[in-house]
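The values are calculated or read from the model by the stated rules, or taken from the named source; none is laboratory data. Here the structure is a predicted model, which is why all the values come from computation and not from measurement. As a convention, Cβ positions derive from the backbone with ideal geometry for all residues, glycine included, and neighbour counts pool all protein chains shown.
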Amino acid sequence: MFEDDDDRQYTVVRNHEDQYSLWPADRPAPAGWEPVGVTGPKSARLSHISTAWTDLRPLSLRS
């Protein structure tokens with residue numbers, strides 16, 4: 001896990017199952033994850049994720 005650093009910028013990433021996560025903005029997204037174009041402080045990005053990711057089930061399990 002990355003240290004909590006108030007100065008660090010994070011980007012929101014999403015995988016093929018429509019699941020979201022945070023990733024340090026200064027690093028390339030991990031394999032299987034794509035940036036969604038939202039970067040900023042951790043607390044604001046977590047707030048974005050809680051708004052965007054309302055159904056926590058993987059996309060393949062949604063009907």
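Some observations on this one:
- In segment 47-63, the residues that are of a type in the set (A, V, I, L, M, F, W, C) and either in contact with an Asp or Glu (Cβ under 6 Å, 6 or more places away or on another chain) or exposed (fewer than 14 other Cβ atoms within 10 Å of the Cβ) (or both): Ala52, Leu56, Leu59, Leu61
Per-residue answers, yes or no, for (1) of a type outside the set (A, V, I, L, M, F, W, C); (2) at pLDDT 95 or above:
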residue	(1), (2)
Asp7	yes, no
Arg14	yes, yes
Gly32	yes, yes
Ser47	yes, no
Ala52	no, no
Leu56	no, no
Leu59	no, no
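- When the residues of segment 18-36 are filtered to those that are free of Cβ contacts under 8 Å to residues at least 12 places away in the same chain and under 27 Å from Ser60 (Cα atoms), the one that is surrounded by the most Cβ atoms within 10 Å (Cβ to Cβ) is Pro28.
- Wholly within the chain, strands (runs of 3 or more DSSP E) carrying at least 2 residues that are on the phi < 0 side of the Ramachandran plot and touching a helix residue (DSSP H, G or I) at 6+ places or on another chain (Cβ under 7 Å): 10-15, 20-24
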